[in-house]
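Each reported figure results from applying straightforward, stated rules to the coordinates on display, with no laboratory input. Worth saying up front: this structure is predicted, and the values here are computed from it rather than measured. Heads up, the Cβs are rebuilt from the backbone with ideal geometry, glycines too, and the neighbour counts pull from every protein chain shown.
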Amino acid sequence: MNFLIVVDYQVDFYDGKLPAVGHETQKEIMPNVKKRIEEAMKDPDTVVVFTGDAHMASTYLQSAEGKNIPFIHCEKDTPGYRLIDEFKPFVKGIEPFTTEELDEAFDVLNPNFSVDNVNNIKSLVNGQKVIYLDKETLGSRHLPAIMSVRAGGKEQVKDVEFCGLYSGHCVIHNISSVHSYFPNAHLKVNRDLTTGVTLQDDVIAKEAYKPWGVEVTGAEPKLKVITGDDVALFDKAKAKSQKTPTKVQEIIKK
């Protein structure tokens with residue numbers, strides 16, 4: 001079985017609280033990403049998985065991620081948490097799995113873990129063409145398990161393609177998670193279907209994929225030097241999220 005993983009095409013990443021810096025490639029590539037999803041939907045051997053950040057304003061800034069990327073985004077059940085309008089038809093009638101219910105199904109040390117929870121997840125994903133799951137960190141700790149359950153065993157996962165936002169953050173973390181769980185699966189990333197917070201970040205991330213055996217295709221992005229205007233715009237966006245915004249240079253070097 002093959003998978004197309006669509007990472008975090010949410011409003012806050014698209015044009016909300018966490019915009020790209022010095023470019024709008026996330027908008028430029030969107031039609032191509034949409035087309036790729038449509039192709040996957042027609043392929044009987046491919047399952048499409050959408051991931052989405054789901055943070056709580058009350059706890060995010062105290063988390064490890066919040067301390068390194070210290071402004072609130074994709075707050076659960078807010079407009080910025082939702083998939084962009086162009087992708088909503090793909091998940092019509094589908095509610096995302098929450099991190100809580102996935103922990104109760106896959107974390108045997110969770111006090112609410114039970115075999116019944118595992119079987120419930122199996123029944124919900126069995127035969128599904130589209131799966132949608134929340135995650136509270138850059139990478140989804142539940143993504144490999146969901147894929148394995150849907151495929152009927154980890155050895156049945158053959159090809160996994162990644163697209164979405166952003167290559168040096170959530171995309172690379174999900175690739176790492178899947179690569180660790182399915183070391184023999186064929187993983188691939190198309191440069192034309194992903195982008196970074198900065199285009200420089202995008203190039204660095206995609207070079208990092210290669211030692212893992214990830215197939216990287218597509219054109220090199222045209223790099224743009226970050227200007228003072230870009231920094232000011234990014235800081236202004238962050239100021240909407242918290243009282244003391246962090247300079248964009250600190251975010252980039254993380």
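Observations, loosely collected:
- Screening segment 115-151 for residues that are among the acidic types (Asp, Glu) and under 15 Å from Cys170 (Cβ atoms) and picking the one that is surrounded by the most Cβ atoms within 10 Å (Cβ to Cβ) gives Asp134.
- The criterion of at least 1 residues that are touching a Pro at 6+ places or on another chain (Cβ under 8 Å) is met by the following helices (runs of 4 or more DSSP H) wholly inside segment 1-117: 11-15, 25-28.
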